[in-house]
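Q: Just dropping this structure here.
FYI, it's all coordinate maths here, none of it is from the lab. Everything quoted here is computed from the prediction, not taken from an experiment. No Cβ is skipped: glycine too gets one built from the backbone with ideal geometry, and neighbour counts run over all protein chains shown.
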């Protein structure tokens, strides 16, 4: 299936969980927040949330500087 | 009633539909606390003082360093080595001597945060570290005070507008304890105009909140300064959040 990660198209296998996607992409889950289709997904939901074709995944880097 | 001087001083914003005469009076009655007087706080506090916020409290424990001057617009080279809170208050008093300014050379801690934020109508989180951000979020939720939180690094900015009386998530929902912050500004770098813009947006949101203009609470606004693009994300409550979770969480 085709999904989109931070504005870039990505081909992913069916039934992929958000957690699996992050692992595949080598993302440090402790340094980000994640949204799907503009809704933030809390990390306790990452293992059970199955990505759907066309999903837009946004990885938000933890930014605390000021 | 506004004085003749107030009409003159604030004529440009009184002329807007957003502020108007009633809005100007509301700003004059407001008590706003700005925590952190770095790149965000300098920009935010400058616009808030100019706008005529009646009582403005400024908090920062640090002294001005030469490397701050690239982005911290309230300070001059002669201020290096002096307390930011004092320098900022002096500069802002020159901008607008008609408002009440309280400057405190203090860092927020678990022991003092309640006392420092109590009585505020609105808090602006302009700090540069996660520990302070959690403390401020927790205390604003405990006291029921709306919170405008911004951050910037590199070419990127984030703005989060939180209202404890609304059913959206809080700072702890977005970044639960245990997340990792990248290095502080001086190591990861930040472009002055990016952090200044985020602070300016905090001031803009503050004026809207205080004048009763509708604000999108519970949204995380992401700014990409490289491409000049924006994205906004909805932040729902987390049932596991120790601060705001439970009712309406998901």
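Q: Please work out which residue is nearest to residue A:63 (Cα to Cα), limiting yourself to region B:135-144 and to residues that are out of contact with any helix residue (DSSP H, G or I) (no Cβ under 6 Å at 6 or more places or on another chain) and surrounded by 21 or more Cβ atoms within 10 Å (Cβ to Cβ).
A: B:136
Q: When only residues in region A:28-48 that are in contact with a strand residue (DSSP E or B) (Cβ under 6 Å, 6 or more places away or on another chain) and surrounded by 14 or more Cβ atoms within 10 Å (Cβ to Cβ) count, which is farthest from residue B:235 (Cα to Cα)?
A: A:32
Q: Further, regarding this structure: Does region B:98-108 contain any residue that is out of contact with any strand residue (DSSP E or B) (no Cβ under 9 Å at 6 or more places or on another chain), in a loop (DSSP other than H, G, I, E, B) and under 24 Å from residue B:28 (Cβ atoms)? Show your work before the answer.
A: Keep residues of region B:98-108 that are out of contact with any strand residue (DSSP E or B) (no Cβ under 9 Å at 6 or more places or on another chain), which gives B:98.
With the extra rule that they be in a loop (DSSP other than H, G, I, E, B), the set shrinks to B:98.
Restricting the remaining residues to those that are under 24 Å from residue B:28 (Cβ atoms) gives B:98.
So far as region B:98-108 goes, yes, one or more of its residues are out of contact with any strand residue (DSSP E or B) (no Cβ under 9 Å at 6 or more places or on another chain), in a loop (DSSP other than H, G, I, E, B) and under 24 Å from residue B:28 (Cβ atoms).
Q: Out of the strands (runs of 3 or more DSSP E) lying entirely within chain A, which hold 2 or more residues that are touching a helix residue (DSSP H, G or I) at 6+ places or on another chain (Cβ under 9 Å) and more than 10 Å from every other protein chain (Cβ to nearest Cβ)?
A: Details: elements: A:2-5, A:8-11, A:32-36, A:39-41, A:56-61.
Strands (runs of 3 or more DSSP E) meeting the threshold: A:2-5, A:56-61.
Q: Taking residue B:154, is it over 18 Å from the mean Cα position of the chain (by Cα) and within 13 Å of residue B:39 (Cα to Cα)?
A: Numbers: over 18 Å from the mean Cα position of the chain (by Cα): yes; within 13 Å of residue B:39 (Cα to Cα): yes.
Answer is yes for this residue.
Q: Considering only region B:45-71, how many residues are assigned to a strand (DSSP E or B), without any contact (Cβ under 8 Å) to a residue 60 or more places away in the chain and closer than 17 Å to residue B:120 by Cα?
A: Residues meeting the conditions: 4.
Q: Taking region B:131-157 only, how many residues are touching a residue at least 40 places away in the same chain (Cβ under 8 Å), within 16 Å of residue B:31 (Cα to Cα) and out of contact with any strand residue (DSSP E or B) (no Cβ under 9 Å at 6 or more places or on another chain)?
A: Residues that pass the stated criteria total 0.
Q: Working carefully through the options B:120, B:100, find the one that is closer than 24 Å to residue B:9 by Cβ and free of Cβ contacts under 8 Å to residues at least 60 places away in the same chain.
A: Residue meeting the stated conditions: B:100.
Q: Same structure again: Under the condition of being farther than 13 Å from residue B:170 by Cβ and facing chain A (nearest Cβ under 9 Å), which residue from region B:199-228 is surrounded by the fewest Cβ atoms within 10 Å (Cβ to Cβ)?
A: It comes out as B:222.
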